[in-house]
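Coordinate-derived values only; no laboratory data. The model shown is predicted, which means the values in this text are computed figures rather than measured ones. So basically every Cβ, Gly included, is an ideal-geometry build from the backbone, and we count neighbours across all protein chains shown.
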Amino acid sequence: MPDRGGGPTGSRTRVGRPSGRVRFLLMVLGLLAVLAMAFVMFSGFWTDWLWYRSVDYSSVFTTTLWTKIGLFGVFGLIMAVAVGFNIWLAHRLRPPLSAMSTEQQSLDRYRMSIAPYKKWVLSAVTALVGLIAGASASGQWRTWLLWVDGVPFGKRDPQFHLDVSFYAFDLPWYRFLLGFGFAAAVLSVVAAALTHYLYGGLRMTSPGARATAAATSHLSVLIGLFVSLKAVAYWLDRYGLAVKSSGFKSTDAWTGLRYVDANAYLPAKTILFCIAVICAVLFFATLWRRTWQLPLIGFGLMVLSAILIGGLYPAIVQKFTVQPNEQAKEAPYIHKNIKATRAAYGIDHTEVTDYSGKGGAAPADEQRKAADSAASYRLVDPNIVSPAFQQVQQSRKYYQFPSTLNVDRYKDPSTGKLQDTIVGVRELNVAGIPKHNWINDHFTYTHGYGLIAAKGTNAVTDPSQGTVGAPDFTESGLPTTGQLGPIRHPQIYYGEKTTQYSIVGGPQKELDYETKGGNTKTTSYQGDSGVSLANPLNRAAYAVAFSEPQMLYSGAIGKGSRILYNRTPKDRIEAVAPWLTLDGDAYPAVVDGHIKWIVDAYTTTDSYPYSSRTTLGDTTEDSLTNHSRSVVAQQNQVNYIRNSVKATVDAYTGKVTLYQWDDQDPVLKTWMKAFPGTVRPKADIPAGLKAHLRYPQDLFKVQRELLTRYHVRDAAQFYSGSDAWQVPDDPTTSSNSAVPPYYLSLKMPKQKNQTFSLTSTFTPSGRPSLSGFMAVDSDATSSDYGKIRILRVTGDNVPGPGQVQSKVSGSTDVAEFVKNLKGSNSDIEYGNLLTVPVDNGFLYVEPVYTKGGNHRAGSQNYPLLKKVAASYGDGKPVFEDSLGDALNAVFGTDEQPPSTAQPPGKQTKPPADDKALQQAIQDAQQAEADSKKALTHLDKDGWAAYGKAQQELQNALDRAAELEGSSAGSGAGSGGGSG
């Protein structure tokens with residue numbers, strides 16, 4: 001016998017089979033690989049559970065998880081049983097082998113290869129379809145919860161007189177069940193047909209009968225079930241007409257029944273339902289007749305009817321009945337659409353007032369007084385002054401401010417009155433960390449510091465208080481101090497720019513801030529936010545979840561260490577309330593000594609009958625969303641929206657709190673039933689928080705877009721589109737994007753006092769003149785909060801924002817100003833063009849900034865408020881040094897009315913010695929000229945002359961400031977003062 005092992009016969013080894021030790025090692029490695037994969041999957045689940053538990057919203061996690069598991073299990077099992085049972089039944093009904101034809105004998109090898117494994121094949125097929133169906137069904141957890149917890153709307157649709165909840169909550173679930181039924185029926189038919197073919201029940205080419213009686217009956221019943229489901233689909237399609245989107249002449253996104261729907265499609269669906277029922281009965285009848293003849297005839301009749309009745313007949317009605325007199329035929333349905341759309345978007349109570357817009361006949365001095373009380377003119381543009389915040393208040397490169405700041409209201413301590421305020425949070429900028437490593441990025445630099453605020457109505461006017469035209473800060477510095485009161489925890493651990501995880505509270509100290517002297521202050525997080533890493537299991541799970549093996553052995557992690565992640569306000573709110581749609585702008589506020597992020601949240605549906613749909617992402621875009629703020633979080637289409645929830649996130653603790661705002665919203669009530677305890681009642685909103693709540697911008701933009709068409713209530717006028725409006729492009733940019741809405745305190749006609757409002761303008765479709773002005777009361781403490789007022793312009797050719805901007809840009813004063821700027825390498829930048837109703841006309845006020853150039857206080861490269869442009873009616877626009885001068889010029893008055901034109905909290909300063917003041921100004925100008933001359937000779941004598949000139953300049957400015965009085969910065973000076 002040959003030696004197969006290559007050695008002595010007695011020491012032969014078997015080739016190709018691993019030894020026992022190798023097999024054991026392979027088994028161990030395989031087991032370890034399985035355990036590793038299992039731990040990776042477990043770590044994702046475990047870290048999610050730990051996070052939800054840390055924010056006290058574990059019920060959201062468990063409710064969502066068990067709902068998904070339940071749907072997965074139930075529908076996966078139903079699909080698996082349906083397909084598996086029909087495969088088993090088809091196999092059981094197979095004909096005897098002796099009856100097999102020549103065609104079927106060729107399939108012997110397939111049957112023989114499957115026979116030993118048929119149970120495994122059956123199990124595999126049913127498991128696969130069950131897993132796919134279960135995974136698909138688990139994604140319908142929102143649909144299930146809305147159906148099972150649905151709350152009535154208390155409103156009925158005008159066609160079928162069903163509660164709106166049927167369309168919003170019930171119909172989507174019924175459609176899912178119908179789709180699932182279709183899928184189960186089709187898969188069952190395919191699986192049964194293949195099994196019958198494989199085992200001889202169906203024959204394709206053999207002569208004689210092509211199917212056995214058993215196969216015929218089996219497949220007929222399945223097809224009958226499919227046709228029965230089609231009958232149900234036809235019946236549900238009748239109700240679907242109420243939420244169907246279509247279009248006709250004057251609308252882009254018409255929703256609901258039209259004339260052809262009510263008079264052609266609706267009866268057609270009813271007829272097709274009856275035909276489908278008859279066809280299904282014919283298929284079921286094959287259990288006794290054993291022939292396909294009648295079912296096939298019935299099925300053909302159903303298909304032909306669907307073409308003729310469901311397609312051709314409505315087209316004929318539309319062509320010969322509707323189109324010749326479309327306006328009259330569609331009028332009742334347009335009226336229903338207008339009424340439903342206005343109700344669904346909350347614009348049904350909009351107050352529309354005719355307004356000339358051409359200006360009244362009051363004397364100039366009375367108009368001037370009216371202009372003073374009409375608004376608190378917010379000259380500081382939050383979209384422009386961010387670079388000033390960045391350069392003046394950034395302090396260190398590892399801090400940053402958002403590119404668009406926010407507008408809020410805070411009390412002026414000197415008057416106790418609210419004033420419009422520009423606010424921004426100094427957040428951590430990871431890119432600015434001096435040296436990047438794991439410890440610095442995640443342990444040392446963990447948070448930002450402080451909220452910075454500046455007056456919204458005026459900038460710095462006194463050189464001794466800062467650069468003229470720069471923001472007049474009311475809360476500033478590092479650490480921050482100012483008028484907003486003591487802030488208990490100024491550290492910003494949670495913010496819009498904080499996207500990476502940090503590990504805090506352990507042995508490693510965190511950098512708190514650096515003082516001007518270079519002293520470093522350290523801190524250790526004292527909050528209870530985040531997840532503890534003291535547990536080795538938690539450390540291992542997060543090491544896997546974050547792909548950071550250093551978490552397992554780093555000495556920087558120890559007792560008290562906690563990991564903070566999901567740190568942006570939107571991420572946290574979306575996680576704890578996945579059923580909400582969030583506004584694109586989260587804004588900070590100081591509430592009872594804490595910095596909190598406030599986020600407006602919406603409940604929506606796309607199934608409100610007769611209400612036209614809109615795409616949120618497209619509707620909420622404007623000239624600011626392209627580069628500085630996000631659009632509303634989702635691109636989904638909706639036809640019902642409510643600002644039902646006000647959410648807050650504490651910037652230090654990360655605590656998420658959801659408050660019910662719209663206590664009448666049935667969609668919110670439904671979600672509160674599904675997730676009890678997650679949303680606190682409206683009565684729990686603290687007074688300190690309520691003072692900072694405002695009307696959300698994205699909801700306002702959706703409503704103003706709808707109001708371009710739905711301000712019209714007459715069906716004929718709506719159809720013709722003769723009074724259609726549009727939102728104008730932002731005249732201060734070249735982006736051809738919609739003008740953003742502006743927050744400011746103003747007084748609309750018939751209002752007694754100024755109210756914090758959100759405003760916008762309209763122009764006629766395709767024309768630049770003004771057609772309307774929209775303002776909504778944005779003060780959450782007001783009884784009129786949310787009231788929309790529209791001034792419909794009745795005058796001809798009232799200048800619109802674009803026309804006013806063109807006049808301002810083309811004026812000789814602006815041209816001269818720009819010409820003078822060229823020598824200082826500065827650029828002009830226009831701020832927000834504010835529109836304010838005054839004496840039956842519209843006053844436009846626009847701050848003008850310069851950017852670049854060298855200034856006495858140093859080199860600034862941020863915008864400074866230098867001029868104010870104004871325009872009223874058809875008059876020539878003016879371009880002045882201050883708001884007071886601009887209002888005087890535009891109304892043709894020489895004197896400014898006392899006190900009313902002053903910024904909130906400011907007092908009219910006493911007159912200074914004009915002669916001495918003029919002399920001081922002349923001395924300052926001469927000293928400035930001497931300084932420039934000295935800089936042309938940079939030798940020893942030149943530097944000495946420069947230093948002397950600078951000292952004389954400082955002395956002259958000090959004398960001027962002393963003559964102006966201690967309140968020089970609070971008068972009606974230049975650079976954006978109120979008068």
Check: Residue by residue through the range 752-766, which ³J(HN,Hα) values in whole Hz follow from phi under the Karplus form 6.51 cos²θ - 1.76 cosθ + 1.60 (θ = phi - 60°), with glycine and proline marked x?
Finding: 8, 10, 5, 10, 4, 9, 10, 10, 7, 10, 10, 10, x, 4, x
Next item on the list: Distance check, please: which entries in K397/K822; K155/K750; K669/K690; K411/K596; K417/K701; K411/K509 exceed 26 angstrom between their Cα atoms?
Entry: K397/K822; K155/K750; K417/K701; K411/K509
Item checked: Net lengthening on full extension, T499/L537 (0.36 nm per residue, minus Cα-Cα) -> 11.2 nm
Notebook entry, point to check: Which FRET efficiency, nearest 0.05, do S735 and K876 yield, Cβ-Cβ r, R0 30 Å?
Noted result: 0.60
Next item on the list: From the C-alpha gyration tensor of the range 553-633, pull out the three semi-axes of the equivalent ellipsoid (sqrt of 5λ each), sorted largest to smallest, in whole Å.
Entry: 34, 16, 14
Margin query: Only sites in a loop by DSSP and with at most 11 other Cβ atoms within 10 Å count here; which trypsin sites (Lys or Arg not before Pro) in the range 532-572 make the cut?
Written below: K559
Checklist line | Fewest-first ranking of D528, D585, using other Cβ atoms within 10 Å as the exposure measure | finding: D528, D585
Checklist line | Extended-chain gain in nm, criterion 0.36 nm per residue less alpha-carbon gap, S246 and A127 | finding: 38.8 nm
Next item on the list: Rank the residues C274, C279 as a footprinting-exposure proxy: fewest other Cβ atoms within 10 Å of their Cβ go first.
Entry: C274, C279
Next item on the list: Report the FRET efficiency, 1/(1 + (r/R0)^6), for A38 and A683, where r is their Cβ-Cβ distance and R0 is 41 Å, rounded to 0.05.
Entry: 0.30
Notebook entry, point to check: What's the FRET efficiency of W88 with L296 using the Cβ-Cβ distance as r and R₀ = 22 Å, to the nearest 0.05?
Noted result: 0.25
Check: What relative contact order, as a whole-number percentage, does the range 567-693 give when Cα pairs under 8 Å and 6 or more residues apart are counted?
Finding: 25
Check: Taking K230 as the anchor, which lysines have their alpha carbon closer than 26 Å to its alpha carbon, excluding any fewer than eight residues away along the same chain?
Finding: K244, K269
Notebook entry, point to check: When a footprinting reagent is the concern and you count Cβ atoms within 10 Å, what order do L791, L821 take, fewest first?
Noted result: L821, L791
